[in-house]
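Please read the structure below before turning to the comments.
The values are calculated or read from the model by the stated rules, or taken from the named source; none is laboratory data. In this text the structure is predicted, and so the values were computed from the model without any measurement. So basically every Cβ, Gly included, is an ideal-geometry build from the backbone, and we count neighbours across all protein chains shown. These area figures cover heavy atoms from the full protein model, side chains too; ligands, DNA and RNA do not enter into them. Shrake-Rupley method; radii C 1.70, N 1.55, O 1.52, S 1.80 Å.
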Amino acid sequence: MTRSERPHKRGPRTAQAKSTSQPKGRAGRRPAAPPPPQEFTPPETVTPALPPVASFEDLDMPAALLRTLTEQGVTEPFPIQAATLPNSIAGRDVLGRGRTGSGKTLAFGLALLARTAGRRAEPTAPLALVLVPTRELAQQVTDALTPYASALRLRITTVVGGMSISRQSSSLRRGAEVLIATPGRLHDLIERGDCRLDQVAVTVLDEADQMADMGFLPQVTKLLKQVEPGGQRLLFSATLDRNIDKLVKMFLDDPVVHSVDPSAGAVTTMEHHLLYVQDETDKKAVTLRIAARDGRTILFMDTKRSVDRLVKRLLANGVRASGLHGGRSQPQRNRTLDQFKNGQVTTLVATNVAARGIHVDDLDMVVNVDPPMDHKDYLHRGGRTARAGESGSVFTLVLPEQKRDMGRLMSNAGISPRTAQIKSSDEELAELTGAREPSGVPVVIEVPQPTPPRKATAAGNGTGGGRRRRRPASGGSTGGGTGTGAPAPGRASGPSTGRAPGSGTTSRGSSSGTPTGRGSGASGGSGRGAGGAGRGSGAGRGAGSGAGAGAGRGGRQASGTSRSRSAASSRSSRPRPTDT
């Protein structure tokens with residue numbers, strides 16, 4: 001029996017092979033949403049927690065903080081602030097969970113500032129640390145705490161990636177009581193010797209679950225081991241799951257646990273809508289009409305490239321849009337957010353980089369053009385609206401092949417959304433979202449241009465009134481003579497001419513210049529003098545490793561000879577033979 005005639009025996013597929021095979025389905029179908037993470041089981045508190053307070057005046061805080069709260073219009077504490085501040089100000093470790101926009105920043109920020117007030121940090125040794133996962137969240141925390149820190153004369157330094165590490169190092173060397181940082185950049189500064197954490201008495205982990213999801217857990221663990229032993233730790237997040245169980249067990253000592261909202265709870269002032277669209281073409285048309293609505297809107301997409309493409313399309317159709325994603329530099333991202341906040345941009349197209357750490361007043365709509373991958377991303381995206389008790393709506397555009405995954409995601413999030421089958425031309429779309437046809441007139445968002453650096457210019461000791469011009473490679477004087485270059489580098493000699501008024505004679509002489517380039521060459525100058533003595537100006541070229549041209553001021557001539565000094569810029573590194 002030949003080999004080709006042998007029956008082929010197919011063995012059973014191993015479990016591993018089966019698990020790595022690609023699922024069959026429609027091309028371009030999104031991966032199935034991951035199962036919901038197991039709910040975090042809070043540790044049991046041994047020491048009873050202090051009761052919540054009804055007002056800020058009931059807290060043991062410096063008078064300057066209370067005065068600043070009134071000036072900022074913060075008169076009553078939100079639930080998470082009322083529950084956690086009495087314990088955190090007393091020095092207890094706290095594990096707090098509250099929905100996005102519930103006031104977590106001031107919940108840990110006021111306690112951190114109150115416990116740091118009156119102390120002064122040494123250079124490179126902060127006294128309080130706030131670790132956050134993203135640059136945007138770091139900036140939001142900085143903006144929120146700055147007025148209160150200023151009232152207590154505490155210095156805040158923010159260190160994040162994408163910005164000048166040298167400037168951040170300089171700021172730390174000047175001293176800062178409060179340090180707000182992303183884990184990666186803080187680790188770099190410690191490695192450089194520009195920061196140490198041994199005097200940090202209060203440490204805050206904000207959005208700790210996202211830091212775990214982003215792979216920062218090893219860095220966070222390493223950083224927490226460097227802070228002052230026995231210091232206070234505050235851990236806050238909108239969602240808590242088993243990803244942070246390790247951090248809680250390792251670093252929190254008998255923490256007070258406050259869970260204002262369940263981990264997957266929906267915000268009562270937020271409406272949730274699933275809009276089923278027929279295909280990609282109609283999805284693009286629906287997105288364009290929603291983006292043209294009156295009011296601020298955030299559109300979330302999956303990738304940086306899709307963000308850039310949509311922004312280009314919106315601008316071409318008359319929608320004032322701008323993009324925000326991880327491919328932009330930090331100054332660009334800051335500028336985009338400022339334009340969105342001041343109304344210069346009405347539609348912000350973003351990836352998940354904007355899902356946490358962005359607060360914009362009067363933002364009443366978030367649209368998931370591309371549905372999120374899990375319920376946590378959905379909750380944080382939607383948390384950009386309906387903040388601090390305001391109302392808002394979250395719309396998600398769902399293609400036919402995405403219906404099942406979105407149904408599972410909503411179930412994991414504990415949300416029962418309203419659903420509608422819509423087309424871009426339906427009146428119901430306008431009623432739900434305020435969608436309208438864009439103007440169709442292309443718009444351009446002005447971007448401030450950096451001031452170009454000033455070009456270096458040659459400066460001489462003076463000028464003799466002649467026009468400065470470039471000289472040919474062979475050199476020559478403005479009077480038409482030739483000269484012999486001296487061997488000394490940076491010195492050039494050549495002929496110059498001077499005219500004595502009334503005598504009708506012409507004197508020839510040599511002038512010497514000092515170009516900025518290296519080498520020697522010929523220079524020429526012309527001037528006017530009396531009795532054959534004149535002051536000349538000339539252009540010089542240096543040979544050897546460089547050639548220069550400039551203008552100089554000649555000295556008094558003797559026997560028809562003048563000397564001038566010139567400054568010039570190097571033009572060529574090619575050596576040339578001495579002119580004769």
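If R0 equals 30 Å, the separation of the Cβ atoms of residue 284 and residue 404 corresponds to a calculated FRET efficiency of about 0.85.
Of the beta bridges in the stretch 62-211, as assigned by DSSP with both residues counted there, near 10 percent are antiparallel. Summed over all non-identical Cα pairs, the Kirkwood treatment of the stretch 112-159 gives a radius of 11.4 Å.
Between their Cα atoms, which of 403/423; 283/341; 104/403; 104/283; 304/341; 283/312 are more than 24 Å away from each other? Beyond 24 Å: 283/341; 104/403; 104/283. Measuring nothing but how far apart in sequence close Cα pairs (under 8 Å, 6+ apart) lie, relative to its length, the stretch 166-235 scores a relative contact order of 39 percent. For the stretch 110-269, taking the reciprocal of the average inverse distance between every pair of different Cα atoms yields a Kirkwood hydrodynamic radius of 16.1 Å. Classify the stretch 301-368 from the C-alpha gyration tensor, please: rounded if a/c falls under 1.5, else prolate or oblate depending on whether a/b exceeds b/c. It comes out rounded by the Cα gyration axes.
Hydrodynamic estimate: the Kirkwood radius of the stretch 145-226 over Cα pairs, inserted into Stokes-Einstein at 10 °C and 1.306 mPa s, corresponds to D of 118 µm²/s.
Our estimate of slack between residue 173 and residue 71, defined as 0.36 nm per intervening residue step minus the Cα-Cα distance, is 33.5 nm.
The fraction of accessible area contributed by carbon and sulfur in the stretch 115-193 is 44 percent, rounded to a whole number (1.4 Å probe; ligands and nucleic acids excluded).
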